[in-house]
Amino acid sequence: MIPIRITGAVINAFAILIGSGIGLLLMGRISDRFAKNIHRALGLCVCIIGISGALGGDVMLLVVAMALGTLFGELLRIDDGLNRLGKWAQTKLSREGEQSTFAEGFVTATLLFCVGAMAVVGSIDSGLRDDQNVILTKSMIDGAASIILASTLGFGVLFSAFMVLLYQGGIEFFAGFLQNVFTDGLIMQIAAIGGVMIFGIGLNMTLDTKIKVANFLPGFLVAVGYYFLILR
């Protein structure tokens, strides 16, 4: 009998599904005043996580990657594309009364769960060495965050689990190649870029700003190019 291996991506996605399910059960049981304050409090925590992640990177790389990455992201309209995907899923899957928050929950949770360095490092460790320690830690954090997010933003958070499954599963599948690309130095720079994006998510959650964080995503590719051409 061939043993079935449960990948890190599956573990992480399952934790998000469980957390989102708990959050959905709590949805509507918390008054709007408490829900908004809890949402803002989580946003402040996300801001702190983002700042701590951004501090370790090279400043010039950070500036160049964010500036050029945002330019490319605006031209490609990545944020609009993710929102369209969320709204399409919203029309197919959401329940009545959740129309206003489905896409927001989907985009916010997808970015929050995917842009951190733990997603990259944990997926590579899982794919190469079947080491789930980093992924298990990330899964607990994501599961806890998804409870709060789903309780305030609804079903969109739950469906972010499928994006996590695709993203981290892809990294695990190509882990053998990516191990030679994602050196410790590069991961540090990627973590800094991700930290800025996470900080932007935190501002959106806390202050209800409209920063299009998804349009920052090409900054990762710019950071990789800058690192290998200039820093390494």
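The values are calculated or read from the model by the stated rules, or taken from the named source; none is laboratory data. Note that the coordinates shown come from a computational prediction; the quantities given were computed from them, not determined experimentally. A quick note on method: Cβ atoms are made from the backbone with ideal geometry, for glycine too, and the neighbour counts reach across all protein chains shown. Heads up: the accessible areas ignore ligands, DNA and RNA and are worked out on the full protein's heavy atoms, side chains in. Shrake-Rupley method; radii C 1.70, N 1.55, O 1.52, S 1.80 Å.
Which of these, 173, 155, 106, has the largest mean-square fluctuation under a Gaussian network model of the chain (Cα springs below 10 Å)? Its mean-square fluctuation being the largest, the pick is 173. For residue 131, the amide hydrogen comes within under 5 Å of the amide hydrogens of 126, counting only partners 5 or more places away or on other chains and with H modelled in the peptide plane.
Applying both filters, DSSP loop and at most 12 other Cβ atoms within 10 Å, to the trypsin sites (Lys or Arg not before Pro) of region 8-81 gives 29. The coefficient of translational diffusion for region 112-232, derived via Stokes-Einstein from the alpha carbon Kirkwood radius under 25 °C and 0.890 mPa s, stands at 160 µm²/s. In a reduced charge model with +1 at each Lys and Arg Cβ and -1 at each Asp and Glu Cβ, region 103-232 shows a dipole moment near 300 debye about its Cα centre. For the residues 199, 72, 174, a 1.4 Å probe over the protein chains yields an accessible-area ranking, largest first, of 174, 72, 199.
Only one residue of 62, 213, 49 has its Cα farthest out toward the positive end of the dipole of the chain, where Lys and Arg carry +1 and Asp and Glu -1 on Cβ, and that residue is 213.
To the nearest µm²/s, what D does Stokes-Einstein give for the chain at 10 °C and 1.306 mPa s, using the Kirkwood radius over alpha carbon pairs as Rh? Calculated translational D: 88 µm²/s.
With protein chains left intact and a 1.4 Å probe, residues in region 9-145 average 53 Å² of accessible area per residue. Sequentially through region 108-118, phi angles give Karplus couplings (6.51, -1.76, 1.60; θ = phi - 60°) of 4, 5, 4, 5, 4, 7, 10, 7, x, 5, 4 Hz, Gly and Pro residues having no value and appearing as x.
Near residue 73: Cβ cut-off under 11 Å, other residues only, Lys/Arg at +1 and Asp/Glu at -1. The net charge is -1.
Heavy-atom surface analysis with a 1.4 Å probe gives region 95-232 a carbon and sulfur content of 68 percent of its accessible area.
By the helix-only formula, in which each DSSP H run with n ≥ 4 contributes -39500 (n - 2.57) and the sum is divided by residues, the chain has a 222 nm mean residue ellipticity of -26000 deg cm²/dmol. Considering only 157, 126, 6, and ranking their Cα positions along the charge dipole of the chain that arises from unit charges at the beta-carbon of Lys, Arg, Asp and Glu, the one farthest toward the positive end is 157.
Distance distribution note for region 72-166: the fraction of Cα pairs above 23 angstrom is 32%.
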